[in-house]
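Working notes, structure below.
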Amino acid sequence: MTNITDLTLADLRDALKSKKVSSLEATDAYLSNIEKARELNAFVTVTADRAREMAKASDARIAKGDGGAIEGVPLGIKDLFCTQGVQSTAGSHILEGFVPTYESSVSANLWRDGAVMLGKLNMDEFAMGSSNETSYFGPVINPWRAKGGNSKLTPGGSSGGSSAGVAAHLCAAATATDTGGSIRQPASLTATVGVKPTYGRCSRWGVVAFASSLDQAGPIARDVRDSAIMLRSMAGHDPKDSTSIDRPVPDYESSLGQSVKGLKIGVPKEYRIDGMPGEIEKLWADGIKWMKDAGCEIVDISLPLTKYALPVYYIVAPAEASSNLARYDGVRYGHRAKEYSDVLSMYSNTRAEGFGKEVQRRIMIGAYVLSAGYYDAYYLRAQKVRKRIFDEFVDAFSKVDLILTPSAPSAAFALGEKSNDPVQMYLNDVFTVTANLAGLPGASVPAGLDERGLPLGLQLIAKPFDEETMFKGMYALEQAAAFKARPEVWWA
Amino acid sequence: MTESRKLLKGETGDWEVVIGLEVHAQVSSKSKLFSGASAQYGAGPNENVSLVDAAMPGMLPVINRYCVEQAVKTGLGLNAKINQWSRFDRKNYFYPDLPQGYQISQYKDPIVGEGEVEVEVDGQEITVGIERLHLEQDAGKSIHDLSPKESYVDLNRSGVALMEIVSRPDMRSADEAAAYFTKLRTILRYLGTCDGNMEEGSMRADVNVSVRRPGEPYGTRTETKNINSIRYVKQAVEYEARRQIEVIERGGKIDQETRLFNVATGETRTMRSKEDAHDYRYFPDPDLLPLELDPAWVEEIRKGLPELPDAKKHRFMSDYGLSLYDAAVLSQERAKADYFETLAEGRDGKLASNWLTTELFGALNKAGKEIEQSPISAVQLGKLIDLIADKTISGRIAKDVFAIMFETGADPDKIVEERGLKQVTDTGAIEAAIDAIIAANPEQVAQVKEKPKTFGWFVGQVMKSTGGKANPQAVNELLKKKLGVE
């Protein structure tokens, strides 16, 4: 048999069920991979002992013929998810050492289905970033390198630990979150599959909030099937999250392989942005052709408000973040400055020390756009445009079933390349942010390599709660792309 | 109405005080507005704190349906518009007893809109407009005097549901403000939506005061925060009105500011000026969906409302012929009103009201007891009234019986029986007593024809000799006959 860690989640699941491998073997194999891949910095915390305990418990259940849908499968959890008894940092110094007494609903769902936790994955601080460089715990390194080069590339962000961890086979799959593209862009940059479901599909309870109206959890996995299996376990109604939706969770895996014949695929002309690399344009054309060959009908559509999506996002998200992050004040938990003379200086010193520059920048932008005299011009207007962006999608989806676009405007870039230019960095979200603003499901599927041998992804966007059609389309794309490339293992 | 309202005399002429109240009333509810933690008073420090109340990372608020029902009920009790669509906003500011760094409140779209309340002042009725009622979270409590170097925070109150009830600037005197605050408390207690317990902080008022020359536009107002008794509301208005008049008459100007009330001195002082006012950066809370009420549910709540004090007051006036004053007093508390209705059942309403308001309330007041603790039940007091009506005892004896009832809690008929207080209606016995008195006092008998006023002396003598038990009417009639006077 091949290396256990090279099995997809689906294959590992089946091998565990048929007792061809034990969860403990799989877990130890992953822990060993993680150990060898320290250089990638994908994990903030490795919970080896707990992982082995959970694996043994899974093996016992499997032995008894019990076991959940992903019994014994070792996973990585983005450090934005609070995990009971395990440090949960959100990539921030201000939460360093914070150990929750509670378990996020999404991770609890995974444990319910038998999964094993390997540890907590690195990420941009409070999920603010597109390169993982804002993490207090240092950047994650992309397992992919350019052909013949050895410079360190970004795995994307904010779920960089998740994308790198999955791409480097440090876990069978990972949880991630997506506020403006934080699942799909890193998936695109690491040749993994990333799914951001409809807003309200996965509970936000126990997930450290960045921008409440945009945050949504989802999986990063090795292929479309694995992502479908993961989402099914992660999703579900949660009465503890008022924005969670009460509707049954379909068996997404059963959508895979269903015919896409007759599906209408929208191609929005506004996603053809200035300065987009020709390779991405070509890849997009390939994707269109693949879908057409599979029997889909290609429909040219127009989403003229697309150009306002990023500006709207960079008002709404910081506004909510400025308020969501107010609770990190050093009073009850997390970092507190050593030096202060009164309560005000305690706040300002704590927050100046505890938050990194990008987080501080967004808190300040957010406070500004909400302040008296600016609220109407920024926040209120942004909300109005947001509503119109949603309406524009509703209109588009009256004509098409899915929308096909590139996932990110470039392949993985070098660490440090954009970190001093926030606007350049923000442009990474240009194709993904619209789905967050409209609350729609979106996914990135690996589709090809650029000239330097770096992966590129294509994105599918679907109607609200129509993940099943999205998975059908994703599977068709995956089949047609027949993407088989793997990064050369240079880190072990 | 306005003409009869009091004006304040200044050195340069008359002034009118304009008052509006923002009342924070704690919703009677087992658990908090957005968490399952207990909202009961009296627990040890930080015992009633959930993960949500402590604003742990990733925690989310979930609206407590019962608190919404209580707010709707209150809105209906204030004759106010119930908004089918309302929304929660975040009011952002930093303070250690505000764990989230924001208070969840309703800023632009409150759950209850305009309404009005009838308020009785000096036997007159005024109407105070309600501008809005909204739901919000209370903050925790900071304690600064337990340690010289540290402050302590108790989060038990953090997240407890409050209703903020904002009045129109419709009050014109300290008495009116106090009467409105009292009336609001009465309504809330009737509805069971707030226990009105001021010592525990269940009701607090922010008092807005301005002064103006009669007929002129409103003056600049000040807001005195967090007043927790009816008496202090009165004091704060009185002090603030006087202070403002003096400032203006001395050529000064009133600053729009927030002030604090000093309980010890009855004075107010500046807390913060308008320039220091916070920018709360209100925006809709993205963790919560807009609050949409099903009209059928609101209707159900409306149907379940108890009869409210104003309706009761009007019914007492029309059904029992009570005065506005008595009707208002009796409808002020549900227990009093219930007592009265039991008492008045099948009896003369005015008589019942008199016995209740003068005798029983007087005695309770003296004994420092509430109506709920009355030693005399409504049924017992009713029996006493019946004993007067069927002439078993006289009104005078009834007062003695009442005193014994209040003391012992015994039934009036038993007291009358045991102590032989039955009225003597046997004319033979009365006649005998009269004859004896006439025989013993020939001078007075001679006098009474010329001086009819001395007739009363004979009545007194008869009553004395019968131990007060003689039926006064029979005494009168027989005496007149025997003395030959009209």
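The values are calculated or read from the model by the stated rules, or taken from the named source; none is laboratory data. The structure displayed is predicted, hence computed values, not measured ones. Note: ideal-geometry Cβ built from the backbone for every residue, glycine included; neighbour counts use all protein chains shown. Ligands, DNA and RNA are stripped out before the accessible areas are found, and what is left, the full protein with its side chains, is counted by its heavy atoms. Shrake-Rupley method; radii C 1.70, N 1.55, O 1.52, S 1.80 Å.
Annotations for the structure displayed:
- For segment A:208-241, the candidate set comprises residues that are within 14 Å of chain B (Cβ to nearest Cβ) and not in a loop (DSSP other than H, G, I, E, B); within that set, the residue that is farthest from residue A:71 (Cα to Cα) is A:216.
- The single condition from (1) open to solvent by less than 70 Å² (accessible area, probe 1.4 Å); (2) at pLDDT 95 or above; (3) farther than 30 Å from residue A:380 by Cβ; (4) not aromatic (Phe, Trp, Tyr) that residue B:238 fails is (1).
- Residue match in segment A:442-453 (condition: open to solvent by 10 Å² or more (accessible area, probe 1.4 Å), of a type in the set (Asp, Glu) and touching a strand residue (DSSP E or B) at 6+ places or on another chain (Cβ under 7 Å)): yes
- Residues (assigned to a helix (DSSP H, G or I) and surrounded by fewer than 15 Cβ atoms within 10 Å (Cβ to Cβ)) located in segment B:460-473: B:460, B:464, B:473
- Subset tally (residues that are more than 9 Å from chain B (Cβ to nearest Cβ), open to solvent by less than 60 Å² (accessible area, probe 1.4 Å) and farther than 18 Å from residue B:102 by Cα) for segment A:318-345: 3
- Verdict on residue B:104 being within 14 Å of chain A (Cβ to nearest Cβ) and in a loop (DSSP other than H, G, I, E, B): no
- Selected residue (only one of A:74, A:100 is open to solvent by less than 10 Å² (accessible area, probe 1.4 Å) and either within 12 Å of chain B (Cβ to nearest Cβ) or β-branched (Val, Ile, Thr) (or both)): A:100
- Of the numbered criteria (1) in a loop (DSSP other than H, G, I, E, B); (2) more than 10 Å from chain B (Cβ to nearest Cβ), the one residue A:308 fails is (1).
- Count of residues meeting criterion [within 14 Å of another protein chain (Cβ to nearest Cβ) and outside any helix (DSSP H, G or I)] in segment A:349-376: 6
- So residue A:379, is it outside any helix (DSSP H, G or I) and either surrounded by 13 or more Cβ atoms within 10 Å (Cβ to Cβ) or among the β-branched types (Val, Ile, Thr) (or both): no
- Cross-chain or 6+ apart pairs with Cβ under 8 Å, segment B:263-282 first and closer than 15 Å to residue B:225 by Cβ and assigned by TED's automatic domain parsing to the domain that holds residue B:221, then open to solvent by less than 90 Å² (accessible area, probe 1.4 Å) and part of a helix (DSSP H, G or I): B:263/B:232; B:267/B:239; B:268/B:236; B:268/B:239; B:268/B:240; B:268/B:243
- Tally of residues being among the aliphatic types (A, V, I, L, M) and open to solvent by less than 20 Å² (accessible area, probe 1.4 Å) across segment A:346-375: 4
- Among the residues of segment B:61-81, the one identified as in contact (Cβ under 8 Å) with a residue 40 or more places away in the chain, open to solvent by 10 Å² or more (accessible area, probe 1.4 Å), of a type in the set (A, V, I, L, M) and closer than 18 Å to residue B:33 by Cβ is B:63.
- Unmet criterion (only one of (1) more than 22 Å from residue A:179 (Cβ to Cβ); (2) in contact with a strand residue (DSSP E or B) (Cβ under 7 Å, 6 or more places away or on another chain); (3) surrounded by fewer than 24 Cβ atoms within 10 Å (Cβ to Cβ)) for residue A:480: (2)
- Hey, residue B:151 small (Gly, Ala, Ser), touching a strand residue (DSSP E or B) at 6+ places or on another chain (Cβ under 9 Å) and under 25 Å from residue B:248 (Cβ atoms) or not: no
- Checking residue B:300 against (1) modelled with pLDDT under 90; (2) acidic (Asp, Glu); (3) surrounded by fewer than 17 Cβ atoms within 10 Å (Cβ to Cβ), the condition it does not meet: (1)
- Close pairs from segment B:6-31: first polar (S, T, N, Q), partner open to solvent by 10 Å² or more (accessible area, probe 1.4 Å) and not in a loop (DSSP other than H, G, I, E, B), Cβ under 7 Å, at least 6 apart: B:12/B:249; B:29/B:66; B:31/B:38
- One residue stands out in segment B:44-96 among those that are under 18 Å from residue B:138 (Cα atoms) and of a type in the set (Phe, Trp, Tyr): the one that is nearest to the other protein chains (Cβ to nearest Cβ), namely B:94.
- A single entry from B:393, B:430, B:434, B:397 fulfils the requirement of being surrounded by 20 or more Cβ atoms within 10 Å (Cβ to Cβ) and not in a helix (DSSP H, G or I): B:393.
- Qualifying positions in segment A:426-441 - open to solvent by 20 Å² or more (accessible area, probe 1.4 Å) and touching a Gly at 6+ places or on another chain (Cβ under 7 Å): none
- Test for residue A:242: is it within 26 Å of residue A:103 (Cα to Cα), of a type in the set (Gly, Ala, Ser) and out of contact with any Phe, Trp or Tyr (no Cβ under 8 Å at 6 or more places or on another chain): yes
- Going through (1) in the same structural domain as residue B:344 (by TED's automatic domain parsing); (2) polar (S, T, N, Q); (3) at pLDDT below 85 one by one, residue B:447 falls short only on (1).
- Residue match in segment B:168-182 (condition: among the hydroxyl-bearing types (Ser, Thr, Tyr), farther than 29 Å from residue B:6 by Cα and open to solvent by 10 Å² or more (accessible area, probe 1.4 Å)): no
- Evaluation of residue B:27 against (1) more than 14 Å from chain A (Cβ to nearest Cβ); (2) more than 23 Å from residue B:301 (Cβ to Cβ); (3) open to solvent by less than 10 Å² (accessible area, probe 1.4 Å) (one fails), failing number: (2)
- Put simply, of A:69, A:57 the only residue that is open to solvent by 10 Å² or more (accessible area, probe 1.4 Å), in a helix (DSSP H, G or I), farther than 30 Å from residue A:145 by Cβ and among the hydrophobic types (A, V, I, L, M, F, W, C) is A:57.
- Taken over segment B:130-159, the criterion of being hydroxyl-bearing (Ser, Thr, Tyr), modelled with pLDDT under 95 and assigned to a loop (DSSP other than H, G, I, E, B) is satisfied by B:147, B:151.
- Among the conditions (1) among the basic types (Lys, Arg); (2) open to solvent by 40 Å² or more (accessible area, probe 1.4 Å); (3) closer than 29 Å to residue A:156 by Cα; (4) touching a strand residue (DSSP E or B) at 6+ places or on another chain (Cβ under 8 Å), the only one that residue A:264 does not satisfy is (3).
- In the condition set (1) part of a loop (DSSP other than H, G, I, E, B); (2) open to solvent by 10 Å² or more (accessible area, probe 1.4 Å), residue A:412 is compliant with all but (2).
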